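This report concerns only the one structure given below.
Quick note: the coordinates plus some simple rules give every number you see, no bench work behind them. No experiment lies behind these values; they were computed from the predicted model shown. Note: ideal-geometry Cβ built from the backbone for every residue, glycine included; neighbour counts use all protein chains shown.
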Amino acid sequence: MGGEELNYIKEAFDENWIAPLGPNVDEFEKEISKYTGAGGTTVLSSGTAAIHLSLVILGIREGDEVITSSFTFSATVNPIIYQGAKPILIDSEPGSWNMSPELLDHAIKDRIKKGIKPKAIMPVHLYGMPANMDEILEIASNYQIPVIEDAAEAFGSRYRGIPVGTLGDIGVFSFNGNKIITTSGGGAIISNNLEFLEKAKFFASQARDKAPYYQHSNIGYNYRMSNILAGIGRGQIKVIDKRVNKKREIFTFYKNKLSEIEGLSFLEEPDERYFSNHWLTTIRLDPSKTKTTPLCLMNELEKVNIESRLLWKPMHLQPVFSSLPSYLNGTSEKLFNEGLCLPSGSSLSENDLEKIVDNLMGCLGR
């Protein structure tokens, strides 16, 4: 916690603003807009809700197709299914680990050839690393397909100096308990299209019509953020720059200590266009050189109470999504088999990091 969260929570209690609206909600939305430079913000109950409403706003419905990344968490894909639409999964490029523009272009051509033009493209800024937005946006523009940025893990990241989430038509953030700043549970939609944001607030509040009685002409959702959680967010956003700096320092510490190990590499910014918040520091192991696997290393670290985790299992390998159309080059599957997320919490001390590195070196026989 940043230190000021309780002041805003107490204020909400003192003023009896407990509902999913109120001064903290209004101010938190303004603060997110100011930080990102977005035209406006709607804060919601989760990042998943934000993705779902983004699809609703764009009119995605049953039978439509939405292109998204295979290398991500299932919360990216699930809302597409909620709408009765079909996810089209795209593999990664090696540099950023995010959506391959080459495969994206191929997939759009192929879907159009099959008679269905995709209704949206949703790249993911994985582990805080921006996707290759120059090429993705150019392709989207060529085919006139709107772009939703899944920036759930990337609050504070930038591409060409521009905050991620503001590059496409709609941006989505998560403020879940494990994110770089948190509201316990929560998310947000940002956009320069104010009509989109008004629709988001409308649908997030049960889609109640403007009438002197309860009337509903659309299906709505209970997705608004509470004034209490928004108070936590107001305290958190005051320290976002400190959190980003700390995460980047953790990445640099690991890289300086471990980069000389043969067969071990990091997810790094491919070039000067990319600025990652390094939400999680992730490594890749070449089993032929390190003589171990990420799963073995994870289990060995667990024995000394150091928690790590494997990279996301790609969506095209998930039993529930295995039948979906996928455009693959093998990159995400290889990353899944060779990758590990290291402890990256912003409360880690230098002693904690030294302990983690010492045990990693020991597990790797160094």
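Quick notes on this structure:
- Applying both filters, DSSP loop and at most 10 other Cβ atoms within 10 Å, to the GluC sites (Glu not before Pro) of region 1-74 gives GLU62.
- Between the residues PHE251, ASN305, ALA120, the greatest Cα displacement towards the positive end of the dipole of the chain, with unit charges on the Cβ of Lys, Arg, Asp and Glu, is found for ALA120.
- Coarse-grained scattering of region 241-363 at q = 0.12, 0.19 Å⁻¹, given as base-10 log I(q)/I(0) from a Debye sum over alpha-carbon atoms: -0.49, -1.11
- Over all distinct Cα-Cα pairs of region 213-270, the Kirkwood formula returns a hydrodynamic radius of 16.0 Å.
- HN-Hα J in Hz across region 12-17 - Karplus 6.51, -1.76, 1.60, θ = phi - 60°, x for Gly and Pro: 5, 5, 4, 8, 6, 9
- For region 5-239, relative contact order (Cα pairs under 8 Å, six or more residues apart, normalised by length) works out to 28 percent.
- Ranked list, fewest to most other Cβ atoms within 10 Å of each Cβ, for TYR35, TYR159: TYR35, TYR159
- The trypsin sites (Lys or Arg not before Pro) of region 259-328 that DSSP puts in a loop, and whose beta carbon has at most 12 other beta carbons within 10 Å, are LYS291, LYS303.
- Across region 175-230, Cα-Cα pairs farther apart than 12 Å form 71% of the total.
- Ranking of CYS363, CYS296 by neighbouring Cβ atoms within 10 Å, starting from the fewest: CYS296, CYS363.
- Radius, Kirkwood style, for the chain when every pair of distinct Cα atoms is counted (Å): 21.3 Å
- Percent of beta bridges antiparallel (DSSP, region 72-226, rounded to nearest 5): 60 percent
- Each part reduced to its alpha carbon centroid, region 290-312 and region 36-66 end up 35 Å apart.
- Under 22 Å, Cα to Cα: Lys pairs in region 148-243, sequence gap 8 or more or different chains: 4
- For LEU360, LEU44, order by how many other beta-carbon atoms lie within 10 Å, fewest first: LEU360, LEU44
- Among beta bridges from DSSP that stay inside the chain, the antiparallel ones total about 60%.
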